[in-house]
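Right, one structure below, let's go through it.
The values are calculated or read from the model by the stated rules, or taken from the named source; none is laboratory data. Fair warning: this is a prediction, and the values are worked out from it, not measured in the lab. Using ideal geometry, Cβ is built from the backbone for each residue, glycine included, and neighbour counts are taken over all protein chains shown.
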Amino acid sequence: MSTVADLAPPPETALLPGPGGLGTDPAERGETRIRERVVERIVTAAADEIGRTAGTSRRILGISLGSSERPDAQAEVNGDVVTATVSLAVRYPSPVRQVAAEVRSHVMERVEKLTGLRVAEVDVKVVSLVPDLQPRVR
């Protein structure tokens, strides 16, 4: 009669590479897919981290329904390449071109760092200027 100890592999072979296990090439274990919605959330968070940005107004038939607190983003993932569009408001009196460039650079950096995907393009749409709500020091 066999015991559990008799059926277990010898200790010296217990950690040797095997199918689907330790030592297997990562490409052979499966693949990781990052959905576009995940990338869109990263883009939104990264654009919001800049600090001189705000969300966009929601409108139906030209009537404002209030504004979002965060920028809005769309992303497309093709293989390991991302293209993204982020729509936002810039806090007045921040320099619009400078803020857009900072957003573009920061979004590319964060998406690449957090996902490992390559960002080919980030379009920044500045849809409005909003007052800076922070108190000014006189």
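Looking at the stretch 119-132, which of its residues are charged (D, E, K, R) and closer than 13 Å to Ala75 by Cβ?
Glu121, Asp123
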For this session: Quick one: which strands (runs of 3 or more DSSP E) lie wholly within the stretch 27-138 and hold at least 2 residues that are of a type in the set (Val, Ile, Thr) and at pLDDT 95 or above?
Result: 81-92, 118-131
Exercise. What residue, of Val107, Val119, Val103, is free of Cβ contacts under 8 Å to residues at least 40 places away in the same chain, in contact with a helix residue (DSSP H, G or I) (Cβ under 6 Å, 6 or more places away or on another chain) and buried (at least 16 other Cβ atoms within 10 Å of the Cβ)?
Worked result: Val119
